[in-house]
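Student: If you scroll down you'll find the structure; I have some questions about it.
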Amino acid sequence: VYGMFTAIALSCLTLGKRNKILWSACSLSLIIFLILSGSRTPFVGIIICLATLLILRPTPKAVLAIASAITCIALAISLKPTLIASSVISAISDRGLSLRPEIWQQAWTQIQAAPWFGHGFDSPMVFWVDSAGQAFADPHNLLLAVWFSGGIVGLVLWLLLYATCAYFIWKNRNNSLVVLAAATIAFGFAAGMTEGKSFLSRPKEHWFLLWIPFSILAYAIQKNSVKSASLKEQS
C-alpha cells in the first residue's frame, strides 16, 4: 500500500508543475515507511515505476524524480540511521530470498499437472517446502497464480490485458494522467512478481497492485474519449 502511494507521489513529482515541495515531502515520508516495513518487494516496483516514467517522459523532470527518490532514501537513512540500517540489514541478510525459489518450484510442478486450463479458480493452493518444513498457500507471484488457476489460456488473457493497457499508454503518453496510471501499473506488475496470489478477490491489499491502477487508467481512457468526442463536435 505504501509502495503504491510512493509510485503516485513520484509520478506527481515528475509530471506536476506545482507543489514540488509537497510531493517531495510525501515521497520522503512514504520511503521512510517502506524502509521501516522491512519489505523489499515495494522497492522492486519503485525501480520499475521510475524506469517507466523515464521511458514515457524522458525529460529532466523524470531525472529529477529519480534523483529525488535517491535523495529521500539517503535522508531517510540519515534521520534514523541505526533503526533503518538494522531494518535494511535484516531484510537483506536474515531473510535472503524468503524461500521464493522453492515456492515457485513447487507451484511450477503443480502447474504442469494442468498446464492449459489450470486447476480452476476455486482450487486451493498448497505448496510444501521441505527446507521450511511447512506448506504455503501463496505462490508469491501473481503470474504463477494466474497460470495455476487458469492455465496457459488464462495466462494469455491476463497478459493480453496488460498488452492492451501498454498499447493505450504508449499511444497516449503525452497525457499526464495516463503516464501516472502507467507508473502505478508498472509498480503493481513488478511487485506482483514476488508477492500475491489473489488476482480476483474481494477488496484487499492486492487491489493496490492490480485493480486500482487499472481503474486509474480506465478513468484516463474515459476522460480521453470524452475529450476527443467534444473536440469532434466542436469541429
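The values are calculated or read from the model by the stated rules, or taken from the named source; none is laboratory data. Just so it is clear, the structure is predicted and the values come from calculations on it, not from any experiment. Using ideal geometry, Cβ is built from the backbone for each residue, glycine included, and neighbour counts are taken over all protein chains shown. Areas reflect the complete protein model, heavy atoms only, side chains present, ligands, DNA and RNA absent. Shrake-Rupley method; radii C 1.70, N 1.55, O 1.52, S 1.80 Å.
Student: Just to be sure before I move on: is Val156 open to solvent by 20 Å² or more (accessible area, probe 1.4 Å) and at pLDDT below 95 in the structure I sent? I'd like the intermediate steps shown before the answer.
Tutor: Working: open to solvent by 20 Å² or more (accessible area, probe 1.4 Å): yes; at pLDDT below 95: no.
Against the criterion (open to solvent by 20 Å² or more (accessible area, probe 1.4 Å) and at pLDDT below 95), Val156 does not qualify.
Student: Name every residue in the stretch 185-214 that is crowded, with 19+ Cβ neighbours inside 10 Å and closer than 17 Å to Phe121 by Cβ, in order of residue number.
Tutor: Gly196, Lys197, Phe199, His206, Leu210
Student: Checking Ala113 against (1) more than 28 Å from Ala183 (Cβ to Cβ); (2) open to solvent by less than 50 Å² (accessible area, probe 1.4 Å); (3) of a type in the set (A, V, I, L, M), which test does it fail?
Tutor: For Ala113, the exception is condition (2).
Student: Another one. Taking the stretch 36-58 as the search range and keeping residues that are open to solvent by less than 50 Å² (accessible area, probe 1.4 Å), in contact with a Lys or Arg (Cβ under 9 Å, 6 or more places away or on another chain) and assigned to a helix (DSSP H, G or I), which one is nearest to Phe189 (Cα to Cα)? Don't jump to the end; show me each part of the working.
Tutor: Looking only at the stretch 36-58, we keep the residues that are open to solvent by less than 50 Å² (accessible area, probe 1.4 Å), and these are 38-39, 41-42, 45-46, 49-53, 56-57.
Next cut, in contact with a Lys or Arg (Cβ under 9 Å, 6 or more places away or on another chain) only: 38, 53, 56-57.
Add one more test, that the residue is assigned to a helix (DSSP H, G or I), and what stays is 53, 56.
Working: Leu53: 15, Leu56: 17 Å.
Only one residue fits best here, namely Leu53.
Student: Another question, then. Does Lys197 count as basic (Lys, Arg), modelled with pLDDT under 90 and assigned to a helix (DSSP H, G or I)?
Tutor: Numbers: basic (Lys, Arg): yes; modelled with pLDDT under 90: yes; assigned to a helix (DSSP H, G or I): no.
No.
Student: Mind checking which residues of the stretch 145-168 are aliphatic (A, V, I, L, M) and either more than 18 Å from Ile216 (Cα to Cα) or over 16 Å from the mean Cα position of the chain (by Cα) (or both)?
Tutor: If the condition is that a residue be aliphatic (A, V, I, L, M) and either more than 18 Å from Ile216 (Cα to Cα) or over 16 Å from the mean Cα position of the chain (by Cα) (or both), then Ala145, Val146, Ile152, Val153, Leu155, Val156, Leu157, Leu159, Leu160 are the ones that fit.
Student: Moving to a separate point now. Test Asp122 against the stated conditions and say whether it is modelled with pLDDT under 95 and loosely packed, with under 12 Cβ neighbours inside 10 Å.
Tutor: Working: modelled with pLDDT under 95: yes; loosely packed, with under 12 Cβ neighbours inside 10 Å: yes.
For Asp122, the condition - modelled with pLDDT under 95 and loosely packed, with under 12 Cβ neighbours inside 10 Å - is met.
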